[in-house]
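*Asks:* Mind looking over this structure? Questions follow.
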Amino acid sequence: MKKIISLILSVCICVAANIPRSTSAFEPIPHFTSTFIQPYYNDILDTERWEQTFSHAKKLGFDTLIIPSVLYIHHQSVNTFWDKPINPVCYSWFPMETPVAYDVRCSGDSIKFALEAAKSTDMKVWLGTVSDNSWLYSTGEYASSYEIWSDKNSKLSSSVISEIWSRYGEEYGDQIAGWYYSNNFNNFENACNGTDGGESVRIISNNINANISAIEENCPDKPIMLNPYYYYDNSTPEQFGTFLTELIADSELRPIDIYTAKDMSGLAGDVTVKRNWIEAQKAAVGDKMHFWVENVSGIFGDSITDMEKLHESYNATYNLGEASIISYIDFFSNIGIEADDYFSDFMSGIIRGDVNDDGEFNVADLLLFQKWLLGVPDTELANWKAADFCKDERLDSFDLCLMKKRLVEKEKIEAMYDDSEEEQGIIVHNTEEIYNAVENAKAGDLIKVESGEYDLSGKTLKASADGTEEQHIIIKALDSENPPV
């Protein structure tokens with residue numbers, strides 16, 4: 001046995017200097033220009049922590065970060081009889097002078113610290129205005145309430161834009177990439193099927209126009225980014241496209257402004273469906289403004305499986321937009337830690353382990369690499385960089401060991417997510433059941449969430465137990481084709 005091991009190591013050392021030079025089949029190399037970032041509002045972030053965050057993001061290949069709102073208003077419950085939200089919680093990322101109808105909590109000037117950090121790291125930041133969940137309770141049959149809310153919101157958002165530019169524009173204007181439109185409207189069913197008489201288009205366009213007027217008055221060269229949601233059950237892609245066409249026609253959007261289409265399907269979604277929806281939005285936008293694409297799939301896990309699916313999603317939609325962004329990446333739990341290997345591989349265009357370059361890492365790649373290390377005649381690696389697990393520009397037995405370990409991890413994750421008949425799990429149907437299931441979860445539990453809409457913004461999901469390396473705690477959609485929102 002010792003002689004065999006010595007022989008293998010000798011072969012590895014001999015061939016390490018003769019690495020084949022080849023390129024990956026994945027073109028172009030994935031690039032996301034920006035991602036959303038949202039730490040806790042009551043956690044003051046000083047310049048040092050922001051610099052760590054921007055540096056981390058820059059290392060991963062981003063050039064901007066998106067703060068979706070600088071003022072967060074959350075109504076914990078709504079009395080629909082009186083049409084009046086109650087128990088509001090209000091946080092601001094900077095010491096506001098703009099009057100707000102609620103008591104505003106502010107832990108410090110995080111916006112100034114973020115802009116300082118952006119300047120020192122040569123990055124930029126998109127600033128969202130006001131996130132107010134009460135509009136969710138004012139749409140549909142409560143259209144009159146929606147207009148009242150929209151008028152108040154547009155005035156508040158406009159004031160926030162003016163105050164932020166007055167405070168920070170002179171010193172940090174170059175670090176502000178633009179403004180993020182925080183009111184993420186969607187393909188409202190009554191608007192898309194034409195039964196609302198055009199009211200949704202009128203109300204939303206008026207709100208957008210108020211934001212644009214404030215931008216034009218203060219910083220006319222800064223774009224605004226629209227980033228709406230949509231739900232497959234609400235309309236067809238074509239109906240949503242018609243709604244958007246009318247909305248854009250009624251709005252004062254400019255050629256410098258940006259429409260970013262979400263893929264809305266997550267990692268499990270069919271890429272053809274994603275592309276159809278995004279194509280409909282692209283046709284609606286036309287040449288009226290810039291068109292970007294957002295992969296909502298984000299980094300929800302640490303598995304190669306996730307990266308393979310993200311590759312598939314990205315490759316199916318990237319060429320529809322001028323640029324691509326990705327949904328939230330949690331930089332704050334990883335401050336000071338090296339950038340995640342899986343995502344780094346993705347951004348470099350590599351599926352780690354995929355030496356035969358067929359778009360998937362599996363046992364065939366392991367066997368091919370073993371043969372190559374042993375010097376089997378006519379054995380070639382289509383993508384040698386995928387085997388460089390040690391990232392030292394050499395291929396040897398150490399890379400082989402790490403490849404085996406990564407393959408075992410991949411197979412474990414795939415087994416956990418396999419929807420087999422033996423898979424049971426805890427099925428939850430409403431918000432209260434989600435909180436209870438997570439709070440009482442134990443290692444090995446699988447929680448399946450039924451399709452539908454859930455408002456989890458009221459409090460943090462907290463688990464009293466931890467998963468283990470062998471037994472994870474998993475939350476997943478009961479129906480992957482119709483995931484919960």
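What follows is calculated from the coordinates using simple rules that are stated; it is not laboratory data. Fair warning: this is a prediction, and the values are worked out from it, not measured in the lab. Ideal geometry is used to build each Cβ from the backbone, glycine not excepted, and the neighbour counts take in all protein chains shown.
*Asks:* Could you name the lysines whose alpha carbon sits less than 18 Å from that of K59, not counting residues in the same chain fewer than 8 places away?
*Replies:* Reachable lysines: K119, K124, K391.
*Asks:* Then there is this: All other residues with a Cβ under 13 Å from the Cβ of R254 taken together, and with Lys, Arg as +1 and Asp, Glu as -1, what is their net charge? Provide the component values of the computation, followed by the final result.
*Replies:* Working: positive: K222, K288; negative: E216, D221, E252, D257, D287.
Local net charge: -3.
*Asks:* What is the sum of charges around P484, taking Lys and Arg as +1, Asp and Glu as -1, for the other residues whose C-beta is under 9 Å from the C-beta of P484? Intermediate results must be reported in sequence, preceding the final value.
*Replies:* Values: positive: none; negative: E450, E453, D479.
Around P484, the charge tally is -3.
*Asks:* Report the charge-dipole magnitude of the range 426-477 in Debye, nearest 20, computed about the Cα centre from +1 at each Lys and Arg Cβ and -1 at each Asp and Glu Cβ.
*Replies:* About 40 debye.
*Asks:* With the contact rule set at Cα under 8 Å and sequence spacing of 6 or more, what percent relative contact order holds for the range 426-477?
*Replies:* The value is 45 percent.
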